[in-house]
Amino acid sequence: MNTKPFKALFSDQPWNPRLTYSPAVQVGNLIFLSGTTAGDAEGNLIGAGDIVAQARFIFEKFEAVLKLAGGGLSNIIETTDYVLTLDDYNKTAALRRELFGGPPWPASTGVVVSGLIRPGALIEIKAIAALGD
């Protein structure tokens, strides 16, 4: 019996059985998407040297997980981006306009860090989504 106050959401990606965390968890109508880099199912980095390509792939991964709960990218209400430079963060602005339409835009936080867990990653994103009204 699951006594945890949340439901774990796993896409059909092959790496999921190896994880020690959930790619996302759902509590009521809120979905918390774990920090994610641009790694594919085989563990390869997508978009090496291209932060926009990496961010786009991350959002594609988010969309796959959100679909499991009946949602999509339009349900994202907050993002946190971890980047290596402020210039890198600014390079993703056009992609956000494309993906989120808006306004209104999701709330967003950008954090410049000295390194990320995946070698070659230029960005890691985590997000919160809300289903329904």
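Just a few scattered comments:
- The range 23-130: relative contact order as a whole-number percent, Cα under 8 Å and 6+ apart: 40
- Here is the size of the range 23-130 from its Cα atoms: Rg then Dmax, 13.1, 38 Å.
- Label-to-label distance for Ala93 and Val52 is 1.3 nm, based on points extended 7 Å past Cα in the beta-carbon direction.
- ³J(HN,Hα) computed for each position of the range 27-34 - Karplus, 6.51 cos²θ - 1.76 cosθ + 1.60, integer Hz, glycine/proline x: 10, x, 9, 9, 10, 9, 8, 4
Laboratory data are not the source of any read-out in this text; all were calculated from the coordinates shown. Please read all numbers here as calculations on a predicted model, not as lab measurements. Don't worry about glycine lacking a Cβ; one is built from the backbone with ideal geometry, like all the others, and counts go over all protein chains shown.
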